[in-house]
Amino acid sequence: MSHLPLAVHGFAAVFMIFWFGTWCVHLIAICYGKYKLHKKSCKLPTESSPLPGVSILKPLMGVDPNLQHNLETFFTMDYPLYELLFCVEEKHDPAIKLVEQLIDKYPQIDAQLFVGGSDVGVNPKINNIHPGYMAAKYDFVMISDSGIKMKNDTLLDMVQTMSDRHALVHQMPFTSDRDGFAATFEKVFFGTVQSRIYLSADVLGINCHTGMSCLLRKAVIDQLGGLRAFGCYLAEDFFIAKRVTELGWKMRISNQPALQNSGVCDISSFQARLIRWAKLRVAMVPTTILLEPLSECMILGALAAWSAALLFEWDPLVFYLVHVLCWFLSDWLLLSIVQHGSMPFHKFEFVIGWLFRELTGPYLFLHALWNPAIRWRTRTFKLHWGGMAYELPLHTPATDSLTAPLQPAPTLLATTTTTTTASANTTMGAGLGTLSAAAKQRLLIS
């Protein structure tokens, strides 16, 4: 048994090294965030190098109270040459009327509406925007989810971030200022955990692309087979970035974070969204099963405290409390950098939101492992290792997804009803009525 203490000490050393590496990630995110985010570009277009045209794809499904405001920010951008391509699958979708009203209000903006979608795979988003992508006339294509709110200079920033070596520029996910604890919880998550991973991944050249707001070179995507080539994945954004970098192109984040401004904001919907993301990460990068729980503040702090007590005979309780306090302070600093202005909530609300996030994070991850099937409205999908998606039969319960036979995906339009359409993928303008329960379901799949 003489080898046992040595093995235990070896585990303790590994935990301490991982703990130190995690704090390096904190430091990288804070320093890079301070350097990169909200930086104004000094480059101005000239007659010899004018700004390129951009085709903006907007997938829409259903409405919520913020959709009108979100979409209108795309009509008022300070950019000389772009087109808006709104994509809706169902002809009775209430988003159609809203889009038509905005097109009439801003006749000077080149905008089109595509209704019907395509059947190019199991990914509903790709099916929806594919007709718009095929009609895009500019060399750059931007894919922007319906819940995104744009600043006047956001598109300009993204285009100027794109260099000759880059084929993909994406915005780091964040949130606009909204009221309520659910909004605070979302801002705490995206401004701490998500920002830490996103910023450090951009520095280290790791694929951390989320497709809610990204700018692409259309020629490169066409070289890869167009958007239809990614219709077999639910996490098309990850695989687009993966294939782009495999061709030798670079990707980077823009200076401005993406402002999510969905009209649906409640704890249960957002946690369901986090669970869905965890399921996708586990399927695409299996090492997530081990690394992600160990990266949680409370779990890593406990392991590091035990290791420090074993290796250095330090007081584990003091070590743990100092670890949690330093983590808390570094998260507040990072959130302040990403927010770039006054917080829309009190510091005490941040404390509650931060504790709630840290304590529920491990539970949500375990929930994702326990039931890996992904529910999308009335449909259920299963992911194979590597990220390929298959649809399960409608009669198969999600809890039996591990043993259920795999089926090819049926035509999306054939399985979508008018009722499900109102269930939501997007946002709506003020004055378009109260948010339906179906609209809240949209956040389960966005």
- Query: Peptides 252-262, 75-85: what's the order by average Cβ count within 10 Å, highest mean first?
  - Reply: 252-262, 75-85
- Note on the structure: Taking the convex hull of the alpha-carbon atoms of segment 317-360 and averaging its shadow over every direction gives an area in square nanometres of 3.4
- Message: What does the net charge come to around residue 54 if you take all other residues with beta carbon closer than 15 Å to its beta carbon, with K and R at +1 and D and E at -1?
- Response: -2
- Task: Among 268, 290, 231, pick out the residue whose Cα is farthest towards the positive end of the charge dipole of segment 198-354, where Lys and Arg carry +1 and Asp and Glu carry -1 on C-beta, about the Cα centre.
- Result: 231
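Can you give the charge dipole size of segment 261-344 about its Cα centre, rounded to the nearest 20 debye, using +1 on the beta carbon of Lys and Arg and -1 on the beta carbon of Asp and Glu?
Rounded to the nearest 20 debye, it is 440 debye.
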- Query: For labels at residue 49 and residue 347 in the simple 7 Å Cα→Cβ model, what's the distance in nm?
  - Reply: 4.5
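Using only Cα atoms, what is the ratio of the radius of gyration of segment 1-152 to 2.2 N^0.38 Å?
Working it through for segment 1-152, the quotient is 1.61.
Any read-out appearing in this document is the output of simple, stated calculations on the displayed coordinates, not a laboratory observation. These numbers come from a predicted model, not from an experiment. Note that we place each Cβ from the backbone using ideal geometry, even for glycine, and neighbour counts take in every protein chain shown.
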